[in-house]
Amino acid sequence: MSDQLPRGGVIHDIGYRHYTGPRLGRMAITQALMVSSLRHAYGIGRTGKAKVMPVLLFAVMVVPVVIIVGIENLMQFDEPQLLPVDYIFLLQPVIALYLASQAPQLFSRDLRYRSIVLYLARPPRRTDYALAKLTALVLALMVLIGVPLFILYVGALLAKYDFVDMSKQFAAGLVVALLVSILLAAIGGLIAAATPRRGFAVAAIIAVLIVSFTAVITTTAILDPEGDMSSTAARYASLGSPFSLARTVGTFLLRDHRENDWMPTTEQGLVFVGVYLLVVGLCVWGVNARYAKVARG
């Protein structure tokens with residue numbers, strides 16, 4: 001049998017063309033990162049297991065509203081039984097659970113798998129990355145809160161309640177929802193960015209929200225035994241919880257005084273607004289500083 005000579009290698013020209021189109025810059029990349037993060041906050045583009053928690057919590061937020069709307073349209077009440085702003089704080093435990101479950105997914109995963117280094121090696125700066133993640137979390141919370149409020153608004157119109165009044169209540173609900181979303185996203189983002197371990201981040205976020213809420217309730221009960229919020233110290237105690245802080249800021253800015261709320265004076269309102277802005281600013285700065293540390297290695 002004759003020996004066969006080995007065949008030599010062949011280089012094929014497959015007609016590779018260099019990209020000659022427009023190259024997108026920092027803003028486009030940052031926007032794409034924000035959209036991708038928003039999708040991931042609801043499990044879109046991820047495994048079925050990752051969809052369970054956000055979809056379940058979203059259902060918990062929506063189903064009670066559908067039931068309330070059905071009852072209102074069936075019973076034909078003279079006025080709505082539940083206003084948008086009240087619904088936000090009625091289901092604040094669900095909102096807190098959503099924040100605790102999804103903030104680590106947006107912030108901790110990239111730290112755990114070190115993919116953050118790849119992001120920071122591209123044109124977007126660490127500030128762009130931090131703002132994209134924070135914006136995505138704010139929008140995710142707005143979807144979680146805003147959709148039930150919209151259903152409540154549509155149900156109120158179907159029940160033939162006053163259009164102008166219901167529109168004002170819906171707008172007020174959206175403003176308060178935005179205030180809550182921004183504050184919670186800033187706090188949750190900072191905690192989640194502080195550790196690459198998802199379990200630690202989840203526990204820390206839940207602990208912060210539960211401890212702060214419990215502390216405010218307990219302190220208020222001690223300082224204001226009558227329950228009419230006439231005590232100045234009891235009013236300032238509301239600074240200690242993200243939910244009560246956001247609610248008071250919304251009440252002050254909208255001048256929307258309800259039976260179960262207290263109307264802050266101008267001085268008190270400015271203090272609450274100042275603390276709100278300070279907390280959000282410090283949290284955003286903290287997230288950016290955390291990624292600066294990661295970028296330095």
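Scan region 69-85 for residues that are surrounded by fewer than 19 Cβ atoms within 10 Å (Cβ to Cβ) and in a helix (DSSP H, G or I) and jot them down.
GLY70, ILE71, ASN73, LEU74, MET75
Does ALA159 fit the bill of being in contact (Cβ under 8 Å) with a residue 60 or more places away in the chain, buried (at least 18 other Cβ atoms within 10 Å of the Cβ) and under 19 Å from LEU278 (Cβ atoms)?
So ALA159 fails the test.
I need the full set of residues from region 205-240 which are part of a loop (DSSP other than H, G, I, E, B) and under 22 Å from PHE252 (Cα atoms), in order please.
Across region 205-240, the qualifying residues are ASP224, GLY227, ASP228, MET229, SER230, SER231.
If you check every pair at least six apart or on different chains, which have Cβ atoms under 6 Å apart with a residue in region 31-56 that is under 22 Å from TYR129 (Cα atoms) first and a residue that is hydroxyl-bearing (Ser, Thr, Tyr) and assigned to a helix (DSSP H, G or I) second?
The qualifying pairs are MET34/THR135.
Go through region 202-221 and count every residue that is modelled with pLDDT under 90 and over 20 Å from GLY269 (Cα atoms).
Qualifying residue count for the region: 1.
Answer with yes or no whether ALA246 is part of a helix (DSSP H, G or I), small (Gly, Ala, Ser) and farther than 18 Å from VAL138 by Cα.
No; evaluated as a whole, the condition is false for this residue.
Scan region 36-61 for residues that are of a type outside the set (Phe, Trp, Tyr) and touching a Leu at 6+ places or on another chain (Cβ under 9 Å) and jot them down.
Across region 36-61, the qualifying residues are SER37, LEU38, HIS40, ALA41, ILE44, MET53, PRO54, LEU57, VAL60, MET61.
Per-residue answers, yes or no, for (1) in contact with a Lys or Arg (Cβ under 9 Å, 6 or more places away or on another chain); (2) of a type in the set (Lys, Arg); (3) buried (at least 21 other Cβ atoms within 10 Å of the Cβ):
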residue	(1), (2), (3)
ASP110	yes, no, yes
THR127	no, no, no
ALA132	no, no, yes
LEU174	no, no, no
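What single numbered condition from (1) modelled with pLDDT under 90; (2) in contact with a helix residue (DSSP H, G or I) (Cβ under 8 Å, 6 or more places away or on another chain) fails to hold for ASP13?
So the condition that ASP13 fails would be (2).
Please go through region 207-239 and pick out each residue that is surrounded by fewer than 17 Cβ atoms within 10 Å (Cβ to Cβ) and in contact (Cβ under 8 Å) with a residue 40 or more places away in the chain.
ILE210 - this is the single residue of region 207-239 that is surrounded by fewer than 17 Cβ atoms within 10 Å (Cβ to Cβ) and in contact (Cβ under 8 Å) with a residue 40 or more places away in the chain.
Of everything in region 21-68, what is not polar (S, T, N, Q) and not in a helix (DSSP H, G or I)? Give them in sequence order.
Of everything in region 21-68, those that are not polar (S, T, N, Q) and not in a helix (DSSP H, G or I) turn out to be GLY21, PRO22, ARG23, LEU24, GLY25, TYR42, GLY43, ILE44, GLY45, ARG46.
Going by the conditions given, is GLY199 surrounded by 21 or more Cβ atoms within 10 Å (Cβ to Cβ) and either among the basic types (Lys, Arg) or part of a helix (DSSP H, G or I) (or both)?
Judged against the criteria, GLY199 is not a match.
The values are calculated or read from the model by the stated rules, or taken from the named source; none is laboratory data. Just so it is clear, the structure is predicted and the values come from calculations on it, not from any experiment. All Cβ positions, glycine included, derive from the backbone under ideal geometry; neighbour counts span all protein chains shown.
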